[in-house]
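Novice: Below: one structure in structure tokens.
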């Protein structure tokens, strides 16, 4: 689960991290009112969407000369002008894709005289099984280019979960950022603070870009992105309250109600599988046969009629879907039970696109008999390769 910048900053502030003063706003009036509570005369108006690259982004409705989603304002009048241009319009960044995201919230913060920008992030490194701290002296909007062109400017420090955060980790971060004196001490303290927040809230990723040194010698968190382990959210009702469903795909929200893993993609063949590995293989073989998957949908190991029906409805809610490939391995859940669920679901949703089903595992022959005797135009496949060829052929037949 992702949260907005202002929410991440408020969370980090509870752990002692230094952040510039700021106010969230849902309207132009709230943006101006928030700015009035700041000392000024320099303000920053930031679009709040769940995507990076806002500074270089462009608003669809404002033309090629439009300013980005992070703007400086030197007066309350400019705050109001920027707020009016941003709210309700669609911001397109390198991370949103060409469709962009509508801006429904703003964050108005106090301006900072910046002496230097740095980069600092934490994430769960699945390869080492540790929390990794990633830092660079080259923070700011071009950090992706730094990672690509000059990776030697990026330092990674891992923390053994058996020992946890130790003073030497803070010193290593300060050394990597080439900070001295009081700034060195501030970096050590800040690293411990954000590590404590990361662990306490079961975060999956925390990015501060930029972390800035102000001209008066303060180390400040200027921008924050945070995401959390969805499997641990039951332990953090305070984090769940920060969820902004307007930033999520409606189909993904609906899928979460049934404990389905659903991610919308850009293709035209819907995929329903049980198991992430099987999903990846299914998507790959669809591409191998010349078409593209419309989604990643994993019903999990406990596939039943209710889940299968919900999955069909979610897939068919996407108008781009021209066919469905079901690829299920019956282990704990027997193939005949799965087949009954598929037939019931297909009847309930009044299936109107080609459906190819590949079943394997316990009671597979009985499952295939149920599909064949359903009276529905369900195409049965012998293996994954056969299934991919058949669904691609069915979709192309319709498009011809």
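Novice: Which of these values of volume of the Cα convex hull per residue in Å³ was calculated from the structure shown: (i) 168; (ii) 141; (iii) 153?
Specialist: (i)
Novice: Ordered by packing density, taken as the mean number of other Cβ atoms within 10 Å over each peptide's residues, highest first, how do 262-273, 83-94 rank?
Specialist: Ranking, from highest mean packing down: 262-273, 83-94.
Novice: Please compute the contact order of segment 358-400 in relative form: average sequence separation of alpha-carbon pairs under 8 Å and at least six residues apart, divided by the residue count, as a percent.
Specialist: Over segment 358-400, the number comes to 37 percent.
Novice: For the chain, find the longest principal axis of its Cα atoms and tell me its angle to the long axis of helix 335-348, 0 to 90°, nearest 10.
Specialist: 80
Novice: Sorting check: for 354-367, 27-40, 144-157, which peptide has the highest mean count of neighbouring beta carbons within 10 Å, and how do the rest follow?
Specialist: Descending packing order for the listed peptides: 354-367, 27-40, 144-157.
Novice: Work out how far the C-alpha atoms of segment 243-393 reach from end to end along every principal axis, then list the three figures in whole Å, largest first.
Specialist: Cα spread of segment 243-393 along its principal axes, largest to smallest: 45, 32, 29 Å.
Novice: What ranking of 130, 54 emerges when the number of other C-beta atoms within 10 Å of each C-beta is taken as an exposure proxy, fewest first?
Specialist: 130, 54
Novice: Specify the angular offset, from 0 to 90 degrees and rounded to the nearest 10, of the alpha carbon long axis of helix 305-316 from the longest principal axis of the alpha carbons in the chain.
Specialist: It is inclined by approximately 70 degrees.
Novice: Ranked by Cβ crowding within 10 angstrom, fewest neighbours first, how are 159, 208 ordered?
Specialist: With the sparsest Cβ surroundings first, the list reads 159, 208.
Novice: Using 0.36 nm per residue, how much length does the chain from residue 99 to residue 349 gain when fully extended, once their Cα-Cα distance is taken away?
Specialist: Full-extension gain reported as 87.1 nm.
Novice: Quick check on packing: order 196-206, 100-110, 335-345 by the mean number of other C-beta atoms within 10 Å, highest mean leading.
Specialist: For the peptides 196-206, 100-110, 335-345, the packing ranking is 335-345, 100-110, 196-206.
Novice: Nearest 10 degrees is fine. How inclined is helix 76-86 to the longest principal axis of the chain, computing both from alpha carbons?
Specialist: For helix 76-86, the angle is close to 10 degrees.
Novice: Rounded to whole Å, give me the distance from the Cα center of segment 274-335 to that of segment 198-221.
Specialist: Between the Cα centre of segment 274-335 and that of segment 198-221, the gap is 39 Å.
Since every read-out is calculated from the coordinates, none of them should be taken as a lab result. None of these values were measured; they are calculated from a predicted model. A quick note on method: Cβ atoms are made from the backbone with ideal geometry, for glycine too, and the neighbour counts reach across all protein chains shown.
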